[in-house]
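The values are calculated or read from the model by the stated rules, or taken from the named source; none is laboratory data. Everything numeric here is computed off the predicted structure, so don't read it as measured data. Don't worry about glycine lacking a Cβ; one is built from the backbone with ideal geometry, like all the others, and counts go over all protein chains shown.
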């Protein structure tokens, strides 16, 4: 599994996440997993409009911070795929 770094700024703090992509996405699984300090904190899946939607949240990460992570992934990978 490859992890891709994603950094987001929130309330004057920079948070460093790692994102993995499930390469054989089939709509039954969430496509992206987000890790913070080595722990799984959330999973996302792209909608038909290629906008990421939260599948499941783990731990105590604020949803506002997770929204910023999703936005960063969408900007870096406009079609929601790391592996094209």
Kindly indicate the residue of segment 55-70 that is out of contact with any strand residue (DSSP E or B) (no Cβ under 6 Å at 6 or more places or on another chain) and surrounded by fewer than 14 Cβ atoms within 10 Å (Cβ to Cβ) and also modelled with the highest pLDDT among those meeting that condition.
64
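Looking at the structure I just gave you, is residue 23 modelled with pLDDT under 85 and touching a strand residue (DSSP E or B) at 6+ places or on another chain (Cβ under 7 Å)? Spell out how you get there, then give the answer.
Working: modelled with pLDDT under 85: yes; touching a strand residue (DSSP E or B) at 6+ places or on another chain (Cβ under 7 Å): no.
For residue 23, the condition - modelled with pLDDT under 85 and touching a strand residue (DSSP E or B) at 6+ places or on another chain (Cβ under 7 Å) - is not met.
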Take the residues in segment 37-54 that are in a strand (DSSP E or B) and in contact with a helix residue (DSSP H, G or I) (Cβ under 9 Å, 6 or more places away or on another chain); name whichever of them is modelled with the lowest pLDDT.
46
Test: residue 74 is at pLDDT below 90, within 20 Å of residue 9 (Cβ to Cβ) and surrounded by fewer than 18 Cβ atoms within 10 Å (Cβ to Cβ)
yes
